[in-house]
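What follows is one structure encoded as structure tokens, with my remarks underneath.
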Amino acid sequence: MADGSLTGGGLEAAAMAPERTGWAVEQELASLEKGLFQDEDSCSDCSYRDKPGSSLQSFMPEGKTFFPEIFQTNQLLFYERFRAYQDYILADCKASEVQEFTAEFLEKVLEPSGWRAVWHTNVFKVLVEVTDVDFAALKAVVRLAEPYLCDSQVSTFTMECMKELLDLKEHRLPLQELWVVFDDSGVYDQTALAIEHVRFFYQNIWRSWDEEEEDEYDYFVRCVEPRLRLYVFGYQKNSNIQAKGVRSSGQKITHVVSSTMMAGLLRSLLTDRLCQEPGEEEREIQFHSDPLSAINACFEGDTVIVCPGHYVVHGTFSIADSIELEGYGLPDDIVIEKRGKGDTFVDCTGADIKISGIKFVQHDAVEGILIVHRGKTTLENCVLQCETTGVTVRTSAEFLMKNSDLYGAKGAGIEIYPGSQCTLSDNGIHHCKEGILIKDFLDEHYDIPKISMVNNIIHNNEGYGVVLVKPTIFSDLQENAEDGTEENKALKIQTSGEPDVAERVDLEELIECATGKMELCARIDPSEQVEGNCEIVNELIAASTQKGQIKKKRLSELGITQADDNLMSQEMFVGIVGNQFKWNGKGSFGTFLF
């Protein structure tokens with residue numbers, strides 16, 4: 001598509017300094033009282049269904065003047081807005097293409113004329129009639145409706161003043177300032193919803209500096225989703241599931257999941273998995289028809305065995321206790337598919353969770369396929385068919401994935417947060433937006449992640465195989481790098497723009513001269529010629545060096561010239577060995593600056 005830009009005067013001004021109207025606040029408060037995350041069947045559908053009669057509710061605006069009812073659209077839920085922006089409006093557009101994509105969306109769903117709206121600003125509201133729509137500019141051509149209805153905070157604001165104002169604006173108003181008058185025929189439902197999405201986007205999500213960002217990244221994944229989740233609703237997924245602990249009886253139970261239990265399958269289970277060893281304590285066995293009920297019935301130390309079959313679930317696997325979830329057979333024969341709108345597929349907070357031999361298939365998702373919030377989760381011999389992001393390893397969590405296959409993520413296949421531990425061995429990570437994304441850990445409050453990647457094949461990802469997210473270069477750090485001290489030699493090497501020089505530097509020397517009391521252990525096979533391994537190690541070490549220097553500078557500013565070893569020490573074990581990077585759209589490794 002051709003490049004576009006948000007430079008339309010009124011729209012840009014409104015987008016740069018958006019203010020919520022009183023109606024917006026009233027509607028949001030009403031919707032919050034009902035709950036933002038209510039049952040999906042109780043809310044309107046952002047997929048623009050075609051049914052006789054309006055599927056939306058009406059809202060009576062308050063004020064001195066008796067205005068007609070308007071469509072109530074602020075009650076939309078998180079995932080409704082999410083899907084509207086992802087599937088219908090923005091798709092995979094770049095920041096510079098936002099207005100063009102939005103205009104194309106509006107052309108498909110907006111009634112071009114014949115509808116009435118309340119033009120609402122911080123000073124007044126007035127009833128207007130729409131005669132045309134300039135889709136490219138995201139504006140409507142209007143005239144004053146009859147009878148004339150106006151409610152102004154300025155008593156001297158007459159009808160003649162309103163006509164003069166419209167003339168100055170050439171009767172063209174930003175769509176986001178219009179609230180569609182309610183019509184129970186259903187004809188204008190799509191129009192009201194479309195304008196709500198435009199209004200919501202420019203008031204809450206769009207930032208004036210977005211177009212200054214690099215255009216190589218998916219704008220929805222990089223900006224819209226996190227802002228929608230964090231800044232708009234204050235919604236950030238934090239698992240508050242409480243562990244049940246050990247049963248009061250101290251007994252551990254084996255849960256067997258099978259849609260139908262045949263005699264032959266039962267004999268195999270008794271021989272292979274349920275046979276009691278001599279002297280072993282007798283264990284109770286419970287049978288379930290679906291894996292979700294088995295997970296919900298677990299206590300600390302339980303085991304869930306899933307027999308071959310295709311299981312469809314509509315809820316989240318919330319695992320707060322140390323349990324084992326294993327498939328009895330090959331992963332392709334044991335498929336658990338999550339359908340329906342909702343959050344994470346597998347949500348892990350247990351101290352030691354083991355998952356093996358299962359294929360997880362995610363559909364219609366908002367959150368990633370698996371999130372490790374805390375504790376340790378081991379994934380072995382599994383297949384993850386993702387929908388949005390793949391696996392997220394949160395701060396202080398530990399994740400070990402081996403002999404598994406992950407693909408299809410619209411974001412990163414694996415997101416590694418600061419202070420986490422992530423071990424990846426003999427996996428395939430492919431056909432994602434990015435293969436692996438390492439979150440920024442340069443902030444003083446963050447710990448360096450411990451990362452090990454051995455013998456993985458990272459291929460056919462749209463962007464990079466591995467992406468390191470970090471802030472734009474610090475000016476004070478650049479000034480420090482200008483001197484000739486030993487502690488800055490490594491930083492100079494890494495920022496010199498000569499990658500061949502960096503590759504010739506002995507890693508142990510780099511670590512020794514660059515970090516002082518910071519202890520970094522980097523391991524790489526000297527004979528390894530696979531593209532990307534050395535590059536990743538060098539970049540992680542350089543980033544760790546920056547973090548150490550930033551901390552030293554801040555301590556120095558506080559008058560601390562000799563820091564305690566425990567305060568200054570950062571340990572980072574980097575095992576980047578034998579990985580293969582093939583056919584990734586932008587190469588094996590890249591850095592995203594924000």
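The values are calculated or read from the model by the stated rules, or taken from the named source; none is laboratory data. Everything quoted here is computed from the prediction, not taken from an experiment. Quick reminder, even Gly has a Cβ in these numbers, built from the backbone with ideal geometry, and neighbours come from all protein chains shown. Just the protein is used for accessible areas: all its heavy atoms, side chains included, with ligands, DNA and RNA removed. Shrake-Rupley method; radii C 1.70, N 1.55, O 1.52, S 1.80 Å.
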Notebook entry, point to check: Does THR349 qualify as being at pLDDT 90 or above, in contact with a Gly (Cβ under 8 Å, 6 or more places away or on another chain) and of a type in the set (Ser, Thr, Tyr)?
Noted result: yes
Item checked: Any hit, the stretch 157-179, residues being in a loop (DSSP other than H, G, I, E, B), under 25 Å from LEU56 (Cβ atoms) and either under 37 Å from the mean Cα position of the chain (by Cα) or touching a residue at least 60 places away in the same chain (Cβ under 8 Å) (or both) -> no
Check: Taking the stretch 86-127 on its own, how many of its residues are of a type outside the set (Phe, Trp, Tyr) and outside any helix (DSSP H, G or I)?
Finding: 20
Next item on the list: Answer yes or no as to whether GLY368 is touching a Cys at 6+ places or on another chain (Cβ under 8 Å) and under 21 Å from PRO331 (Cβ atoms).
Entry: yes
Checklist line | Residue ranges of strands (runs of 3 or more DSSP E) in the stretch 269-313 with at least 1 members open to solvent by 60 Å² or more (accessible area, probe 1.4 Å) and modelled with pLDDT of 90 or more | finding: 284-288, 309-313
Margin query: Residue under question is VAL133, and the condition is that it be part of a strand (DSSP E or B), touching a helix residue (DSSP H, G or I) at 6+ places or on another chain (Cβ under 8 Å) and either of a type in the set (A, V, I, L, M) or free of Cβ contacts under 8 Å to residues at least 12 places away in the same chain (or both); does it hold?
Written below: yes
Check: Considering only residues of the stretch 318-332 that are among the acidic types (Asp, Glu) and outside any loop (DSSP other than H, G, I, E, B), which is least open to solvent (accessible area, probe 1.4 Å)?
Finding: GLU326
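What do you reckon, is SER322 of a type in the set (Gly, Ala, Ser), modelled with pLDDT of 95 or more and on the phi < 0 side of the Ramachandran plot?
yes
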Item checked: Filter result (among the hydroxyl-bearing types (Ser, Thr, Tyr) and not in a loop (DSSP other than H, G, I, E, B)) within the stretch 180-199 -> THR191
Margin query: Against the conditions (1) assigned to a helix (DSSP H, G or I); (2) β-branched (Val, Ile, Thr); (3) under 23 Å from GLU415 (Cα atoms), where does ILE336 fall short? Just the number, please.
Written below: (1)
Next item on the list: Check whether at least one residue in the stretch 353-361 is assigned to a loop (DSSP other than H, G, I, E, B) and either surrounded by fewer than 18 Cβ atoms within 10 Å (Cβ to Cβ) or at pLDDT below 90 (or both), and report yes or no.
Entry: no
Note to self: Let me spell it out: the conditions are (1) surrounded by fewer than 22 Cβ atoms within 10 Å (Cβ to Cβ); (2) assigned to a helix (DSSP H, G or I), and SER208 meets all of them except one. Which number is the exception?
What the structure shows: (2)
Next item on the list: For residues that are surrounded by fewer than 24 Cβ atoms within 10 Å (Cβ to Cβ) and without any contact (Cβ under 8 Å) to a residue 60 or more places away in the chain, scanning just the stretch 335-350, find the one that is farthest from GLU80 (Cα to Cα).
Entry: VAL335
Note to self: Among the residues of the stretch 71-85, are any at pLDDT below 85, open to solvent by 10 Å² or more (accessible area, probe 1.4 Å), in a loop (DSSP other than H, G, I, E, B) and closer than 21 Å to VAL181 by Cα?
What the structure shows: yes
Next item on the list: Sort out which residues of the stretch 143-171 are touching a Phe, Trp or Tyr at 6+ places or on another chain (Cβ under 7 Å) and among the aliphatic types (A, V, I, L, M), and write them in order of number.
Entry: LEU149, MET159
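Hey, which of the strands (runs of 3 or more DSSP E) in the stretch 405-483, taking only ones fully inside, have at least 1 residues that are of a type in the set (S, T, N, Q), open to solvent by 50 Å² or more (accessible area, probe 1.4 Å) and modelled with pLDDT of 90 or more?
Values: elements: 405-407, 412-416, 421-425, 428-430, 434-438, 450-454, 457-459, 464-470.
Once the strands (runs of 3 or more DSSP E) in the stretch 405-483 are filtered for at least 1 residues that are of a type in the set (S, T, N, Q), open to solvent by 50 Å² or more (accessible area, probe 1.4 Å) and modelled with pLDDT of 90 or more, what remains is 421-425.
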Item checked: In the stretch 151-183, the residues that are charged (D, E, K, R), under 25 Å from GLU107 (Cα atoms) and open to solvent by less than 60 Å² (accessible area, probe 1.4 Å) -> GLU177, ASP183
Check: Does LEU437 qualify as being hydrophobic (A, V, I, L, M, F, W, C) and within 21 Å of ASP332 (Cα to Cα)?
Finding: no
Check: Looking only at residues in the stretch 231-264 that are open to solvent by 40 Å² or more (accessible area, probe 1.4 Å) and either among the aromatic types (Phe, Trp, Tyr) or not in a loop (DSSP other than H, G, I, E, B) (or both), which one is modelled with the lowest pLDDT?
Finding: PHE233
Next item on the list: Being under 13 Å from ARG374 (Cα atoms) and not in a strand (DSSP E or B) is the filter here, so list the residues in the stretch 390-404 that pass it.
Entry: ARG394, THR395, SER396, ALA397
